Amino acid sequence: MTTRSLLRDAAERAATYLESLPDRSVAPTAEAVAALSQFDHFLPEHPQNPAEVLATLDELGSPGTGASAGGRYFGFVIGATLPAALAANMLATAWDQNCALVVISPTTAKLESIALRWLLDVLHLPPTSAAGFVTGATMANFTCLAAARHALLQRAGWDAEAQGLFGAPPLDVIVGDEVHVTALKALAMLGLGRARVTRVPVDSQGRLRADSLPALTDRTILCLQAGNVNTGAIDPLAEIIPRARAAGAWVHVDGAFGLWAAAAPARAALVAGIENADSWAIDAHKWLNVPYDSGVAIVRDKDALRGATAVSAAYLVQGAEREPSEYTPELSRRARGVDVWAAMSALGRSGIAEMIERNCRQAARFATGLRDAGYEILADVVLNQVLVSFGDDETTRRVIAGIQTDGTCWCGGTVWQGRTAMRISVSSWATTNEDVELSLAAMLRVASEIHALR
Ligand SMILES: Cc1ncc(COP(=O)(O)O)c(C=O)c1O
(Lines give C-alpha, C1' and ligand atoms only; values in the text may rest on other atoms or scores of the structure.)
Protein backbone atom coordinates (compact mmCIF):
# COMPACT_ATOMS: atom_id res chain seq x y z
CA MET A 1 0.00 0.00 0.00
CA THR A 2 1.31 3.46 -0.84
CA THR A 3 1.55 6.20 1.77
CA ARG A 4 -1.17 8.06 -0.14
CA SER A 5 -3.63 5.18 0.04
CA LEU A 6 -2.75 4.54 3.69
CA LEU A 7 -3.47 8.16 4.59
CA ARG A 8 -6.67 8.09 2.55
CA ASP A 9 -7.72 4.98 4.44
CA ALA A 10 -6.96 6.71 7.76
CA ALA A 11 -8.96 9.79 6.73
CA GLU A 12 -11.89 7.61 5.59
CA ARG A 13 -11.84 5.67 8.84
CA ALA A 14 -11.65 8.89 10.88
CA ALA A 15 -14.66 10.32 9.03
CA THR A 16 -16.63 7.10 9.43
CA TYR A 17 -15.81 7.11 13.15
CA LEU A 18 -17.05 10.67 13.59
CA GLU A 19 -20.21 9.97 11.58
CA SER A 20 -20.97 6.95 13.75
CA LEU A 21 -20.95 8.90 17.02
CA PRO A 22 -24.56 10.16 17.03
CA ASP A 23 -25.84 6.58 16.72
CA ARG A 24 -23.61 4.78 19.18
CA SER A 25 -23.49 4.57 22.94
CA VAL A 26 -21.48 7.52 24.28
CA ALA A 27 -19.75 5.20 26.74
CA PRO A 28 -18.01 2.29 25.03
CA THR A 29 -19.92 -0.95 25.51
CA ALA A 30 -18.57 -3.60 27.90
CA GLU A 31 -17.95 -5.87 24.90
CA ALA A 32 -15.88 -3.18 23.15
CA VAL A 33 -13.79 -2.65 26.26
CA ALA A 34 -13.36 -6.41 26.72
CA ALA A 35 -12.24 -6.72 23.10
CA LEU A 36 -9.29 -4.42 23.86
CA SER A 37 -7.59 -7.44 25.40
CA GLN A 38 -6.92 -8.53 21.81
CA PHE A 39 -4.24 -5.82 21.73
CA ASP A 40 -2.42 -7.81 24.42
CA HIS A 41 0.04 -9.73 22.33
CA PHE A 42 3.78 -9.74 22.11
CA LEU A 43 5.77 -7.28 20.08
CA PRO A 44 5.69 -8.60 16.49
CA GLU A 45 9.00 -10.20 15.57
CA HIS A 46 8.71 -8.96 12.00
CA PRO A 47 7.30 -5.94 10.19
CA GLN A 48 3.53 -5.82 9.74
CA ASN A 49 1.59 -4.39 6.85
CA PRO A 50 0.77 -0.75 7.85
CA ALA A 51 -2.73 -1.10 6.36
CA GLU A 52 -3.38 -4.03 8.67
CA VAL A 53 -1.97 -2.13 11.65
CA LEU A 54 -4.38 0.69 10.89
CA ALA A 55 -7.31 -1.70 10.39
CA THR A 56 -6.64 -3.34 13.76
CA LEU A 57 -6.39 0.04 15.43
CA ASP A 58 -9.73 1.08 14.00
CA GLU A 59 -11.61 -2.18 14.37
CA LEU A 60 -10.49 -2.87 17.93
CA GLY A 61 -9.65 0.64 19.11
CA SER A 62 -12.44 2.85 17.81
CA PRO A 63 -15.30 1.02 19.59
CA GLY A 64 -13.36 1.18 22.88
CA THR A 65 -13.27 4.98 22.93
CA GLY A 66 -15.63 7.28 24.81
CA ALA A 67 -17.57 9.38 22.28
CA SER A 68 -16.16 12.66 23.56
CA ALA A 69 -15.72 13.88 20.00
CA GLY A 70 -19.50 13.82 19.61
CA GLY A 71 -22.17 16.17 20.89
CA ARG A 72 -23.48 14.30 23.91
CA TYR A 73 -20.41 13.94 26.09
CA PHE A 74 -20.77 16.09 29.21
CA GLY A 75 -18.14 14.53 31.47
CA PHE A 76 -15.22 16.39 33.08
CA VAL A 77 -14.61 19.53 30.96
CA ILE A 78 -14.02 18.08 27.52
CA GLY A 79 -14.26 19.88 24.23
CA ALA A 80 -14.53 18.03 20.94
CA THR A 81 -12.49 18.94 17.86
CA LEU A 82 -13.67 21.41 15.26
CA PRO A 83 -13.36 19.95 11.74
CA ALA A 84 -10.98 22.75 10.69
CA ALA A 85 -8.73 22.07 13.68
CA LEU A 86 -8.77 18.32 13.09
CA ALA A 87 -7.93 18.69 9.41
CA ALA A 88 -5.15 21.19 10.17
CA ASN A 89 -3.81 18.86 12.85
CA MET A 90 -3.72 15.97 10.35
CA LEU A 91 -1.77 18.05 7.84
CA ALA A 92 0.56 19.46 10.50
CA THR A 93 1.21 15.92 11.72
CA ALA A 94 2.27 15.04 8.19
CA TRP A 95 4.63 18.02 8.25
CA ASP A 96 6.15 16.52 11.43
CA GLN A 97 7.71 19.81 12.42
CA ASN A 98 9.76 20.27 15.53
CA CYS A 99 8.34 23.59 16.70
CA ALA A 100 11.22 24.55 18.97
CA LEU A 101 12.94 27.00 16.65
CA VAL A 102 12.06 29.30 13.77
CA VAL A 103 14.91 27.84 11.74
CA ILE A 104 13.38 24.36 11.92
CA SER A 105 9.85 25.41 11.17
CA PRO A 106 9.17 28.94 9.90
CA THR A 107 5.52 28.07 9.19
CA THR A 108 4.61 26.80 12.64
CA ALA A 109 6.56 29.61 14.33
CA LYS A 110 4.67 32.16 12.24
CA LEU A 111 1.28 30.59 12.89
CA GLU A 112 2.01 30.32 16.60
CA SER A 113 2.80 34.06 16.76
CA ILE A 114 -0.42 34.84 14.92
CA ALA A 115 -2.49 32.46 17.07
CA LEU A 116 -1.05 34.13 20.16
CA ARG A 117 -1.90 37.61 18.88
CA TRP A 118 -5.46 36.49 18.12
CA LEU A 119 -5.83 34.82 21.51
CA LEU A 120 -4.76 37.97 23.35
CA ASP A 121 -7.17 39.95 21.20
CA VAL A 122 -10.21 37.72 21.64
CA LEU A 123 -9.58 37.23 25.37
CA HIS A 124 -8.93 40.96 25.92
CA LEU A 125 -5.55 40.35 27.56
CA PRO A 126 -2.64 42.81 27.34
CA PRO A 127 -1.42 42.68 23.72
CA THR A 128 2.26 42.72 24.69
CA SER A 129 1.96 39.58 26.85
CA ALA A 130 4.21 36.61 26.10
CA ALA A 131 2.99 33.03 25.93
CA GLY A 132 3.97 29.43 25.51
CA PHE A 133 1.95 26.70 23.82
CA VAL A 134 1.91 23.77 26.24
CA THR A 135 0.04 20.51 26.75
CA GLY A 136 -2.86 21.85 28.79
CA ALA A 137 -3.86 23.94 31.77
CA THR A 138 -1.75 21.84 34.14
CA MET A 139 1.41 22.80 32.28
CA ALA A 140 0.08 26.31 31.70
CA ASN A 141 -0.31 26.69 35.47
CA PHE A 142 3.18 25.26 35.92
CA THR A 143 4.73 27.60 33.35
CA CYS A 144 2.97 30.71 34.64
CA LEU A 145 3.92 29.90 38.23
CA ALA A 146 7.52 29.30 37.17
CA ALA A 147 7.46 32.83 35.72
CA ALA A 148 5.99 34.13 39.00
CA ARG A 149 8.70 32.37 40.99
CA HIS A 150 11.37 33.82 38.72
CA ALA A 151 10.05 37.38 38.94
CA LEU A 152 9.41 37.54 42.69
CA LEU A 153 12.71 35.92 43.62
CA GLN A 154 14.64 38.03 41.15
CA ARG A 155 13.12 41.10 42.80
CA ALA A 156 14.38 39.73 46.13
CA GLY A 157 17.87 39.37 44.67
CA TRP A 158 17.73 35.61 44.13
CA ASP A 159 18.22 33.72 40.87
CA ALA A 160 15.88 30.75 41.24
CA GLU A 161 16.87 29.11 37.97
CA ALA A 162 20.59 29.27 38.76
CA GLN A 163 20.53 28.66 42.52
CA GLY A 164 17.44 26.55 43.03
CA LEU A 165 15.31 27.11 46.09
CA PHE A 166 17.65 25.97 48.86
CA GLY A 167 18.36 29.13 50.86
CA ALA A 168 16.05 31.29 48.76
CA PRO A 169 13.93 33.99 50.40
CA PRO A 170 10.53 32.38 51.10
CA LEU A 171 7.54 33.15 48.91
CA ASP A 172 3.98 33.01 50.21
CA VAL A 173 1.43 31.29 48.02
CA ILE A 174 -2.25 31.97 48.53
CA VAL A 175 -5.00 29.93 46.91
CA GLY A 176 -8.75 29.64 47.26
CA ASP A 177 -9.98 26.53 49.03
CA GLU A 178 -11.46 25.39 45.69
CA VAL A 179 -8.16 25.69 43.82
CA HIS A 180 -7.88 23.14 41.03
CA VAL A 181 -5.64 20.22 41.97
CA THR A 182 -3.39 20.86 39.00
CA ALA A 183 -2.42 24.30 40.32
CA LEU A 184 -1.35 22.55 43.53
CA LYS A 185 0.50 19.96 41.46
CA ALA A 186 2.29 22.78 39.62
CA LEU A 187 3.28 24.37 42.95
CA ALA A 188 4.55 20.99 44.16
CA MET A 189 6.65 20.47 41.02
CA LEU A 190 8.07 23.99 41.36
CA GLY A 191 9.30 23.41 44.89
CA LEU A 192 6.77 25.88 46.27
CA GLY A 193 4.94 23.11 48.07
CA ARG A 194 1.32 22.14 47.85
CA ALA A 195 0.78 21.94 51.62
CA ARG A 196 2.51 25.17 52.66
CA VAL A 197 0.02 27.34 50.74
CA THR A 198 -2.49 29.50 52.59
CA ARG A 199 -5.99 28.38 51.66
CA VAL A 200 -8.66 31.06 51.70
CA PRO A 201 -12.28 30.08 52.43
CA VAL A 202 -14.78 30.13 49.57
CA ASP A 203 -18.48 30.98 49.34
CA SER A 204 -21.36 28.66 48.43
CA GLN A 205 -20.43 28.82 44.73
CA GLY A 206 -16.74 28.05 45.30
CA ARG A 207 -15.53 31.64 44.89
CA LEU A 208 -12.61 32.79 47.00
CA ARG A 209 -13.90 35.16 49.68
CA ALA A 210 -12.24 38.54 49.22
CA ASP A 211 -12.96 39.48 52.84
CA SER A 212 -10.87 36.52 54.04
CA LEU A 213 -7.72 37.29 52.06
CA PRO A 214 -4.64 37.45 54.28
CA ALA A 215 -2.12 40.26 53.97
CA LEU A 216 -0.38 40.33 50.60
CA THR A 217 3.19 41.44 49.97
CA ASP A 218 5.66 41.60 47.11
CA ARG A 219 6.67 38.05 48.03
CA THR A 220 3.14 36.70 47.49
CA ILE A 221 1.87 34.60 44.61
CA LEU A 222 -1.93 34.76 44.62
CA CYS A 223 -3.66 32.05 42.59
CA LEU A 224 -7.16 32.95 41.49
CA GLN A 225 -9.56 30.93 39.40
CA ALA A 226 -11.90 31.74 36.52
CA GLY A 227 -14.11 28.69 36.14
CA ASN A 228 -14.45 26.32 39.07
CA VAL A 229 -14.22 22.80 37.66
CA ASN A 230 -17.55 21.88 39.30
CA THR A 231 -19.63 25.05 39.28
CA GLY A 232 -17.92 27.28 36.71
CA ALA A 233 -17.82 30.02 39.38
CA ILE A 234 -15.33 32.82 38.94
CA ASP A 235 -13.41 34.41 41.81
CA PRO A 236 -14.15 38.13 42.45
CA LEU A 237 -11.37 39.22 40.16
CA ALA A 238 -12.20 42.91 39.88
CA GLU A 239 -12.25 43.26 43.65
CA ILE A 240 -9.10 41.31 44.43
CA ILE A 241 -6.64 41.86 41.59
CA PRO A 242 -6.11 45.63 42.05
CA ARG A 243 -5.52 45.08 45.79
CA ALA A 244 -3.00 42.34 45.12
CA ARG A 245 -1.13 44.25 42.45
CA ALA A 246 -0.99 47.35 44.68
CA ALA A 247 0.73 45.18 47.31
CA GLY A 248 3.25 44.03 44.70
CA ALA A 249 1.91 40.45 44.70
CA TRP A 250 1.91 38.30 41.55
CA VAL A 251 -1.61 37.36 40.51
CA HIS A 252 -2.03 34.17 38.53
CA VAL A 253 -5.43 33.18 37.15
CA ASP A 254 -6.24 29.59 36.30
CA GLY A 255 -8.77 30.19 33.53
CA ALA A 256 -8.59 26.73 31.97
CA PHE A 257 -12.08 27.06 30.55
CA GLY A 258 -13.60 30.08 32.35
CA LEU A 259 -11.29 32.60 30.69
CA TRP A 260 -13.12 31.86 27.42
CA ALA A 261 -16.03 33.86 28.88
CA ALA A 262 -14.01 36.93 27.88
CA ALA A 263 -14.54 35.99 24.23
CA ALA A 264 -18.34 36.04 24.48
CA PRO A 265 -19.68 39.60 24.88
CA ALA A 266 -22.72 38.47 26.88
CA ARG A 267 -20.49 36.62 29.41
CA ALA A 268 -17.43 38.90 29.45
CA ALA A 269 -18.63 40.85 32.50
CA LEU A 270 -18.12 37.66 34.54
CA VAL A 271 -14.36 37.97 34.09
CA ALA A 272 -14.12 41.76 34.20
CA GLY A 273 -10.76 42.83 35.57
CA ILE A 274 -9.01 39.59 34.62
CA GLU A 275 -6.76 41.52 32.23
CA ASN A 276 -5.05 43.14 35.22
CA ALA A 277 -3.52 39.87 36.45
CA ASP A 278 0.12 38.91 35.82
CA SER A 279 -0.41 35.50 34.28
CA TRP A 280 -3.18 33.34 32.90
CA ALA A 281 -3.48 29.60 32.23
CA ILE A 282 -5.93 28.58 29.53
CA ASP A 283 -6.85 25.42 27.70
CA ALA A 284 -7.47 25.28 23.97
CA HIS A 285 -8.47 21.60 24.01
CA LYS A 286 -11.42 22.49 26.22
CA TRP A 287 -13.54 25.35 24.97
CA LEU A 288 -11.71 26.22 21.77
CA ASN A 289 -12.31 22.62 20.64
CA VAL A 290 -8.91 21.79 19.21
CA PRO A 291 -7.36 18.30 19.43
CA TYR A 292 -5.46 17.19 22.52
CA ASP A 293 -3.14 18.30 23.89
CA SER A 294 -3.28 22.05 23.88
CA GLY A 295 -3.02 24.76 26.51
CA VAL A 296 -1.49 28.22 26.63
CA ALA A 297 0.55 29.88 29.40
CA ILE A 298 0.21 33.64 29.07
CA VAL A 299 2.40 36.03 31.06
CA ARG A 300 2.22 39.83 31.09
CA ASP A 301 5.97 40.25 31.63
CA LYS A 302 7.82 38.62 28.76
CA ASP A 303 11.12 38.70 30.65
CA ALA A 304 9.61 36.79 33.57
CA LEU A 305 8.42 34.00 31.28
CA ARG A 306 11.66 33.88 29.32
CA GLY A 307 13.65 34.03 32.54
CA ALA A 308 11.91 30.88 33.72
CA THR A 309 11.95 28.90 30.50
CA ALA A 310 14.59 30.09 28.01
CA VAL A 311 17.85 28.19 27.56
CA SER A 312 20.64 28.62 25.07
CA ALA A 313 23.28 26.41 23.52
CA ALA A 314 25.65 26.94 20.66
CA TYR A 315 23.73 24.65 18.34
CA LEU A 316 20.32 26.20 19.09
CA VAL A 317 20.16 28.94 16.49
CA GLN A 318 18.52 32.14 17.71
CA GLY A 319 17.15 34.48 15.08
CA ALA A 320 15.58 37.90 15.29
CA GLU A 321 12.05 36.55 15.64
CA ARG A 322 10.18 34.97 18.55
CA GLU A 323 11.81 31.61 19.22
CA PRO A 324 8.96 29.33 20.41
CA SER A 325 11.07 27.20 22.76
CA GLU A 326 12.07 30.25 24.81
CA TYR A 327 8.55 30.38 26.23
CA THR A 328 7.84 26.75 27.14
CA PRO A 329 9.31 24.07 29.40
CA GLU A 330 9.76 21.83 26.33
CA LEU A 331 12.30 22.08 23.56
CA SER A 332 10.94 19.70 20.90
CA ARG A 333 7.19 19.64 20.59
CA ARG A 334 4.30 19.40 18.16
CA ALA A 335 2.59 22.22 16.29
CA ARG A 336 -0.09 23.15 18.81
CA GLY A 337 -0.33 26.70 17.50
CA VAL A 338 -1.45 25.41 14.10
CA ASP A 339 -4.59 23.82 15.53
CA VAL A 340 -5.35 26.99 17.51
CA TRP A 341 -4.82 29.13 14.41
CA ALA A 342 -7.09 26.85 12.34
CA ALA A 343 -9.88 26.81 14.93
CA MET A 344 -9.77 30.58 15.32
CA SER A 345 -9.59 31.11 11.55
CA ALA A 346 -12.59 28.88 10.96
CA LEU A 347 -14.74 30.32 13.74
CA GLY A 348 -13.73 33.96 13.62
CA ARG A 349 -14.47 36.25 16.51
CA SER A 350 -18.24 35.84 16.15
CA GLY A 351 -18.03 32.05 15.84
CA ILE A 352 -16.02 31.75 19.04
CA ALA A 353 -18.49 33.99 20.89
CA GLU A 354 -21.44 32.03 19.50
CA MET A 355 -19.97 28.67 20.54
CA ILE A 356 -19.29 29.83 24.11
CA GLU A 357 -22.67 31.49 24.42
CA ARG A 358 -24.53 28.50 22.93
CA ASN A 359 -22.88 26.06 25.36
CA CYS A 360 -23.78 28.35 28.27
CA ARG A 361 -27.42 28.51 27.11
CA GLN A 362 -27.44 24.72 26.73
CA ALA A 363 -26.15 24.33 30.30
CA ALA A 364 -28.93 26.62 31.51
CA ARG A 365 -31.47 24.50 29.60
CA PHE A 366 -30.23 21.35 31.37
CA ALA A 367 -30.59 23.11 34.71
CA THR A 368 -34.12 24.32 33.98
CA GLY A 369 -35.25 20.92 32.69
CA LEU A 370 -33.87 19.09 35.71
CA ARG A 371 -35.16 21.65 38.21
CA ASP A 372 -38.63 21.60 36.62
CA ALA A 373 -38.64 17.83 37.12
CA GLY A 374 -38.02 18.35 40.84
CA TYR A 375 -34.28 17.76 41.04
CA GLU A 376 -32.00 20.11 42.91
CA ILE A 377 -29.43 22.25 41.11
CA LEU A 378 -26.66 22.71 43.64
CA ALA A 379 -24.95 25.85 42.31
CA ASP A 380 -25.77 28.85 40.15
CA VAL A 381 -25.30 28.11 36.46
CA VAL A 382 -23.09 30.99 35.33
CA LEU A 383 -21.18 29.32 32.51
CA ASN A 384 -21.27 25.81 31.08
CA GLN A 385 -21.31 23.74 34.26
CA VAL A 386 -24.34 22.24 36.03
CA LEU A 387 -24.38 20.32 39.32
CA VAL A 388 -27.49 18.29 40.02
CA SER A 389 -28.59 16.08 42.89
CA PHE A 390 -31.18 13.39 42.27
CA GLY A 391 -31.92 12.91 45.97
CA ASP A 392 -29.70 11.30 48.58
CA ASP A 393 -26.08 10.50 47.71
CA GLU A 394 -26.75 6.85 46.93
CA THR A 395 -29.65 7.68 44.61
CA THR A 396 -27.54 10.26 42.79
CA ARG A 397 -24.72 7.74 42.39
CA ARG A 398 -27.16 5.21 40.94
CA VAL A 399 -28.63 7.72 38.53
CA ILE A 400 -25.15 8.68 37.32
CA ALA A 401 -24.29 5.00 36.76
CA GLY A 402 -27.64 4.47 35.02
CA ILE A 403 -27.08 7.42 32.69
CA GLN A 404 -23.61 6.17 31.80
CA THR A 405 -24.96 2.70 31.01
CA ASP A 406 -27.94 4.06 29.08
CA GLY A 407 -25.41 5.53 26.63
CA THR A 408 -27.46 8.44 25.27
CA CYS A 409 -25.02 10.83 26.92
CA TRP A 410 -22.21 10.70 29.46
CA CYS A 411 -21.91 12.63 32.73
CA GLY A 412 -19.61 12.08 35.67
CA GLY A 413 -20.01 12.57 39.38
CA THR A 414 -18.44 14.70 42.07
CA VAL A 415 -18.91 15.71 45.67
CA TRP A 416 -19.92 19.35 46.05
CA GLN A 417 -19.76 20.82 49.54
CA GLY A 418 -20.45 17.43 51.09
CA ARG A 419 -23.13 16.27 48.66
CA THR A 420 -22.81 13.79 45.82
CA ALA A 421 -23.75 15.45 42.55
CA MET A 422 -23.78 14.77 38.84
CA ARG A 423 -21.69 17.19 36.79
CA ILE A 424 -22.84 18.34 33.37
CA SER A 425 -20.19 20.21 31.40
CA VAL A 426 -21.25 21.56 28.02
CA SER A 427 -18.02 22.36 26.20
CA SER A 428 -18.42 21.02 22.68
CA TRP A 429 -18.95 22.80 19.36
CA ALA A 430 -20.77 19.60 18.28
CA THR A 431 -23.53 19.81 20.90
CA THR A 432 -26.80 20.74 19.23
CA ASN A 433 -29.96 21.77 21.01
CA GLU A 434 -31.38 18.43 19.87
CA ASP A 435 -28.51 16.67 21.65
CA VAL A 436 -29.43 18.55 24.81
CA GLU A 437 -33.11 17.59 24.58
CA LEU A 438 -32.27 13.94 23.86
CA SER A 439 -29.83 13.86 26.77
CA LEU A 440 -32.18 15.63 29.15
CA ALA A 441 -34.95 13.17 28.29
CA ALA A 442 -32.55 10.26 28.96
CA MET A 443 -31.46 11.73 32.30
CA LEU A 444 -35.07 12.19 33.40
CA ARG A 445 -36.04 8.71 32.21
CA VAL A 446 -33.17 7.03 34.06
CA ALA A 447 -33.74 9.13 37.19
CA SER A 448 -37.42 8.23 37.37
CA GLU A 449 -36.64 4.54 36.80
CA ILE A 450 -34.16 4.59 39.69
CA HIS A 451 -36.61 6.47 41.92
CA ALA A 452 -39.33 3.94 41.08
CA LEU A 453 -37.05 1.13 42.29
CA ARG A 454 -36.26 2.77 45.64
C1 LIG B 1 -9.77 25.05 36.42
C2 LIG B 1 -8.91 23.98 35.81
N3 LIG B 1 -7.58 24.07 35.87
C4 LIG B 1 -6.77 23.14 35.35
C5 LIG B 1 -7.29 22.04 34.72
C6 LIG B 1 -6.34 21.01 34.15
O7 LIG B 1 -6.39 21.07 32.77
P8 LIG B 1 -5.61 20.01 31.84
O9 LIG B 1 -6.27 18.71 32.09
O10 LIG B 1 -5.83 20.55 30.47
O11 LIG B 1 -4.17 20.00 32.22
C12 LIG B 1 -8.67 21.89 34.63
C13 LIG B 1 -9.26 20.68 33.99
O14 LIG B 1 -10.45 20.49 33.99
C15 LIG B 1 -9.50 22.89 35.16
O16 LIG B 1 -10.83 22.81 35.07
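General remarks:
- Just one of the listed residues (Val202, Val175) is within 16 Å of the ligand (Cβ to nearest atom) and either surrounded by fewer than 18 Cβ atoms within 10 Å (Cβ to Cβ) or in contact (Cβ under 8 Å) with a residue 40 or more places away in the chain (or both), and it is Val175.
- Restricting attention to region 110-138 and to residues that are among the small types (Gly, Ala, Ser) and away from the ligand (no atom under 16 Å from the Cβ), the residue that is surrounded by the fewest Cβ atoms within 10 Å (Cβ to Cβ) turns out to be Ser113.
- Checking region 318-338 against the condition returns a match, with at least one residue being without any contact (Cβ under 8 Å) to a residue 24 or more places away in the chain and open to solvent by less than 40 Å² (accessible area, probe 1.4 Å).
- Number of residues in region 139-154 that are out of contact with any His (no Cβ under 9 Å at 6 or more places or on another chain) and either free of Cβ contacts under 8 Å to residues at least 60 places away in the same chain or within 16 Å of the ligand (Cβ to nearest atom) (or both) equals 6.
- Of the residues making up region 132-149, those that are of a type in the set (Ser, Thr, Tyr) and part of a helix (DSSP H, G or I) are Thr138, Thr143.
- Considering Ala367, Ala308, Ala281, the condition of being surrounded by 23 or more Cβ atoms within 10 Å (Cβ to Cβ) and either within 30 Å of Asp393 (Cβ to Cβ) or within 16 Å of the ligand (Cβ to nearest atom) (or both) is satisfied by Ala281 alone.
- Taking each residue of region 248-264 that is under 12 Å from Ile298 (Cα atoms) and polar (S, T, N, Q) and looking for partners that are open to solvent by 10 Å² or more (accessible area, probe 1.4 Å) and within 12 Å of the ligand (Cβ to nearest atom) with beta-carbon atoms closer than 8 Å, six or more apart or interchain, yields nothing.
- Thr81, sole failed condition from (1) over 16 Å from the mean Cα position of the chain (by Cα); (2) closer than 23 Å to Ala27 by Cβ: (1)
- If you filter region 155-164 down to residues that are open to solvent by less than 50 Å² (accessible area, probe 1.4 Å) and under 19 Å from Asp218 (Cα atoms), you find that the one that is farthest from the ligand (Cβ to nearest atom) is Ala156.
- Residue list for region 225-264, filter: of a type in the set (D, E, K, R) and either within 16 Å of the ligand (Cβ to nearest atom) or buried (at least 24 other Cβ atoms within 10 Å of the Cβ) (or both): Asp235, Asp254
- So Ala85, is it part of a helix (DSSP H, G or I) and buried (at least 17 other Cβ atoms within 10 Å of the Cβ): yes
- Check on Ala188, without any contact (Cβ under 8 Å) to a residue 12 or more places away in the chain and either within 16 Å of the ligand (Cβ to nearest atom) or touching a helix residue (DSSP H, G or I) at 6+ places or on another chain (Cβ under 6 Å) (or both): yes
- Region 370-400: number of residues that are outside any loop (DSSP other than H, G, I, E, B), open to solvent by less than 40 Å² (accessible area, probe 1.4 Å) and in contact (Cβ under 8 Å) with a residue 24 or more places away in the chain: 9
The values are calculated or read from the model by the stated rules, or taken from the named source; none is laboratory data. Just so you know, these numbers come straight off a predicted model, no measurement behind them. Positions of Cβ are backbone-derived with ideal geometry, glycine not excepted, and every protein chain shown enters the neighbour counts. Each accessible area value is taken on the protein alone, full model and side chains, heavy atoms only, with ligands, DNA and RNA left out. Shrake-Rupley method; radii C 1.70, N 1.55, O 1.52, S 1.80 Å.
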